[in-house]
Amino acid sequence: MKVTLHEVAKVVGAKNIISDFEDVPLRQAEFDSRKIEAGDLFVPLKGVRDGHEFIDTAFENGAVATLSEHEVEGHPYLLVDDCLSAMQKLAQYYLEKLNVDVIAVTGSNGKTTTKDMIAAVLGTTYKTYKTQGNYNNEIGLPYTVLHMPDDTEKLVLEMGQDHMGDIHLLSQIAKPRISVVTLIGEAHLEFFGSRQKIAQGKMQIADGMDSDGILIVPDDPIIEEFLPDNLMVIRFGGDEEIQVFDLEEKKDSLTFRTTVLNRPITLPVPGKYNAMNAVVAACVGKLLAIEEADILEALAIIELTRNRTEWKKAGNGADILSDVYNANPTAMRLILETFSAIPANKNGKKIAVLADMKELGADSIQLHNQILSSLSSEEIDTLVFYGDDIAELAQLAIQVYPQGQVRYFKKTTTEDHFEEMTHFVREILQPEDQILLKGSNSMNLARLVEQLED
């Protein structure tokens, strides 16, 4: 970071006498004392443990100063009311100081993939940094800002929401030049109550934008009442100016044309929903003066964040379509549509392992049951269901599928049949087969993927 201790003290409104401490340069801010290196500023946050307990450890590891909500003996410190709020203020200041263009991305589905694609496109021409992993909340976003390289020109920030107001806060910190909303789905219905409230929360991405900002949104009537009047709005999908056509979907790639570019785009990833994510990335690239050839090349070799839609190989040679990071009804239907459309391997069958979708609230069982319309015994040979809320869907599928082609394994707070499910899946999976795994991260299907890979 290009900041000094006294500079940070002014930004965060430190309440102690800072002149007692040398005005040293700070390397970066870090909230994990185990990751502290020489020259760092320690930010003690309150979680399962109170970070203030590790202030001495942070200095032993090389910290030159710490934020703190109480006095610290024997070490340089900045006294603040709230360490997280102070880190957020510092991130906001640092973005303004470096004059970095921020491109913000949110959405119920596709935000991480779209973030990766935008960063790849911009990286062909600009010094570009992006949210690492899923650091997309009130801690992760400022942390990303304070860890970007000093020469960063474009910063692509993912913004997630669990509750109303989350994205408002993140937008106020980041003040994006361009904001993207990928899709309004049913994620976190438990906390929002309705898809309309989810839309309202997502559209708060515009709250920190200046009047010359650009907002890229889906053609969805549910967002209309939340669109700001002072921003340029670009829409995609539906009958809007940004379109995908002539799409050819293969097992591990997509080729399609778009109204944004003159030549077809090829992506080395499956799922036709990724076509629109790529077109949005291309649109951002065009807005920021990236050459068409560079956009096409970046998308042709894109590498996406781990555990999103990804083909893997089982130990016995079977094909695994792993999409186990998260799940909601929209995402579940999309991946089932993709998996169903992919031709089966010669002499092989298609198996789908579907687990609970979390945080869907009071309508969770009903929303799970609606997935039945995306299941067909003509396209998927065997269904394996795992969880609690998905139990009724399993019973509905048994009535539709031939006898013996649907299995259900329970997971409740008192009973978990994960090992039994794993044994069953390994028994039926043959080298010529294709298997899809989809469920919320907490259902731990990633562990099943790992066991199948062994």
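Each reported figure results from applying straightforward, stated rules to the coordinates on display, with no laboratory input. Quick caveat, the model's predicted, so the values are computed rather than measured. Virtual Cβ from ideal backbone geometry, glycine too; neighbours counted across all protein chains shown.
Quick notes
- The C-alpha atoms of the chain define a longest principal axis, and helix 111-122 lies at about 70 degrees to it.
- Dividing the helix sum by the residues of the chain, where each DSSP H run of 4 or more adds -39500 (n - 2.57), gives a mean residue ellipticity at 222 nm of -9000 deg cm²/dmol.
- Residues whose placed amide H lies under 5 Å from that of L254, excluding near-sequence neighbours: L267, V269
- Against the main long axis of the alpha-carbon atoms of the chain, helix 83-98 sits at an angle near 80°.
- Computed over the chain: relative contact order in percent, which uses C-alpha pairs under 8 Å that are six or more apart: 11 percent
- Based on alpha carbons, the Rg and Dmax found for the range 176-243 are 12.0, 35 Å.
- The distance between label points at D56 and N441 comes to 3.4 nm (points 7 Å beyond Cα on the Cα→Cβ vector).
- Per-selection Rg to Rh, the range 45-144 - Cα, Kirkwood hydrodynamic radius: 1.06
- Positive contributions from Lys and Arg (+1) and negative ones from Asp and Glu (-1), summed over other residues with Cβ under 11 Å from the Cβ of S442, come out at 0.
- When the range 306-350 is reduced to its Cα atoms, the Kirkwood hydrodynamic radius in Å: 11.7 Å
- Interchain or long-range residues, amide H under 5 Å from A65's placed H: F42
- Where labels lie 7 Å past Cα in the beta-carbon direction, separation of Q366 and D23 in nm: 6.2 nm
- Residue-span extension gain [E432 to S340] - 0.36 nm each, minus C-alpha spacing: 31.5 nm
- Charge sum, other residues only, whose C-beta stays under 11 Å from G387's C-beta, Lys/Arg counted +1 and Asp/Glu -1: -2
- Charge tally in the Cβ shell below 10 Å around E37, where Lys, Arg are +1 and Asp, Glu are -1, E37 excluded: 0
- The Rg/Rh ratio for the range 149-307 is 0.96, where Rg is the radius of gyration of the alpha carbons and Rh is the Kirkwood radius.
- Separation of alpha-carbon centers, the range 20-56 and the range 253-299, rounded to whole Å: 41 Å
- Beta bridges per DSSP, both residues in the chain: antiparallel share near 25 percent.
- Computed extension length for I139-L231: 30.4 nm, one decimal, from 0.36 nm per residue of separation with the Cα-Cα distance subtracted.
- If you plug the beta carbon distance of K97 and N347 into 1/(1 + (r/R0)^6) with R0 = 51 Å, you get a FRET efficiency near 0.25.
- In sequence order, calculated HN-Hα J values of the range 443-454 (Karplus, 6.51, -1.76, 1.60; Hz; x Gly/Pro): 7, 6, 5, 4, 5, 5, 4, 4, 5, 5, 6, 5
- Working note: Cα gyration tensor of the chain, eigenvalues times five, square-rooted, sorted largest first, giving semi-axes of 41, 27, 20 Å.
- Kirkwood radius, the range 229-358, all distinct C-alpha pairs, inverse of mean reciprocal distance: 16.4 Å.
- The slack between K250 and Q196, meaning 0.36 nm per residue of separation minus the straight C-alpha distance, is 16.0 nm.
- Put simply, the amide H of Y408, placed in the peptide plane, has neighbours under 5 Å in F385, leaving out anything fewer than 5 places away on its chain.
- Rg and Dmax, both from the Cα atoms of the range 109-167 and both in Å, are 11.6, 36.
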